[in-house]
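Written out below as structure tokens is the structure these notes cover.
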Amino acid sequence: MLTRYVSIDLEMSGLSPVKDRIIEIAALRVEQGKVTGRFETLVNPNIPIREHISEITGIREEMLRQSPKIHEVMPEFIGFLGDDVLLGHSVGFDFNFIMQSCFDLGIEDVFAREWYGMDTLLIARKHLGTETEKNLDKLCKYYGIEEKEHHRAGSDAQAAAHLYEKLCGIYEKDGEFEPVRLCYKPKKQTMIAAKQVRFLEKLVRYHGLEQDRDFSKLTQREGSRLADMIISKYGKIHH
């Protein structure tokens, strides 16, 4: 069993590290089975949150409006992680969002180091067979682990740490649970399409907004985010 690690969990606006946004981050540093450090924050994604995401996470747009933005959060979060092994339930999924966000923000030093992770989902799949479903809440119920707020980052990070220690106590023999290398190749943003530029220009004109930005220099992601922000605040174009 690892004697020191950081248990992480992120909540996002969707499933794509390129198209979607982080809306909550939590990390717990665990040493000798005890939490010795904690990082936890909501993140303002600057885009509308789809209703089904709010239903799953309990996180609503009004909760995020006064929260820090990702460029304010990520450097401190990376500093908190340090060189520790990252633990999580499907830890690679969260890691991909972290790395893509760092790439988008120009935080380049994270790609110069080696990252390692311990995945409780992979351990459960290897040892539990068909005994129970392998999502975090089902495994917590199976092992009697209390989880206060499912699909909230802080609660899920804590639950993953408890699950890891439970799995180690039952299944680990001779240190067989070894961290694996975490890798992610960041994806460059595609430049905005002419059709998207025309839509933004039409949207700005329709709402009578002043705009001095050159839309043609935006990426597709930036263009979509700007359109979503305008529609969220001023409404759609009604014909």
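The values are calculated or read from the model by the stated rules, or taken from the named source; none is laboratory data. These numbers were taken from a predicted model, which means no experiment stands behind them. Here the Cβ positions follow ideal geometry from the backbone for every residue, glycine too, while neighbour counts run over all protein chains shown. SASA here: full protein model, heavy atoms, side chains in, ligands and nucleic acids out. Shrake-Rupley method; radii C 1.70, N 1.55, O 1.52, S 1.80 Å.
Only strands (runs of 3 or more DSSP E) whose full extent lies in the range 1-97 are considered here, and the ones with at least 1 residues that are aliphatic (A, V, I, L, M) and open to solvent by less than 10 Å² (accessible area, probe 1.4 Å) are 4-12, 22-31, 86-88. When the range 124-133 is filtered for residues that are outside any helix (DSSP H, G or I) and open to solvent by 40 Å² or more (accessible area, probe 1.4 Å), the ones remaining, listed by number, are Gly129, Thr130, Glu131, Glu133. Restricting attention to the range 160-178, the residues that are open to solvent by less than 40 Å² (accessible area, probe 1.4 Å), in contact with a strand residue (DSSP E or B) (Cβ under 9 Å, 6 or more places away or on another chain) and either without any contact (Cβ under 8 Å) to a residue 40 or more places away in the chain or part of a loop (DSSP other than H, G, I, E, B) (or both) total 1. Condition test on Glu147, is it of a type outside the set (Phe, Trp, Tyr), open to solvent by 70 Å² or more (accessible area, probe 1.4 Å) and not in a helix (DSSP H, G or I)? So Glu147 does not fit the description; no. One residue stands out among those in the range 100-112 that are touching a helix residue (DSSP H, G or I) at 6+ places or on another chain (Cβ under 7 Å) and more than 26 Å from Glu149 (Cα to Cα): the one that is surrounded by the most Cβ atoms within 10 Å (Cβ to Cβ), which is Cys102.
State yes or no: is Leu121 without any contact (Cβ under 8 Å) to a residue 40 or more places away in the chain, open to solvent by less than 30 Å² (accessible area, probe 1.4 Å) and over 18 Å from Arg21 (Cα atoms)? So Leu121 fits the description; yes. Of all residue pairs spaced 6 or more apart or on separate chains, those with beta-carbon atoms under 7 Å, a first member in the range 227-239 that is at pLDDT 85 or above and a second member that is in a helix (DSSP H, G or I) are Ala227/Phe199; Ala227/Leu200; Ala227/Leu203; Ile230/Leu203; Ile237/Lys202; Ile237/Leu203; Ile237/Tyr206. Every condition in (1) within 17 Å of the chain's Cα centre (by Cα); (2) aliphatic (A, V, I, L, M); (3) at pLDDT below 95 is met by Leu128 except one, and the failing one is (1). All conditions but one from (1) farther than 30 Å from Asp137 by Cα; (2) in contact (Cβ under 8 Å) with a residue 12 or more places away in the chain apply to Glu147; the one that does not is (1). Val204 meets all of the listed conditions (1) open to solvent by less than 30 Å² (accessible area, probe 1.4 Å); (2) on the phi > 0 side of the Ramachandran plot but one, namely (2).
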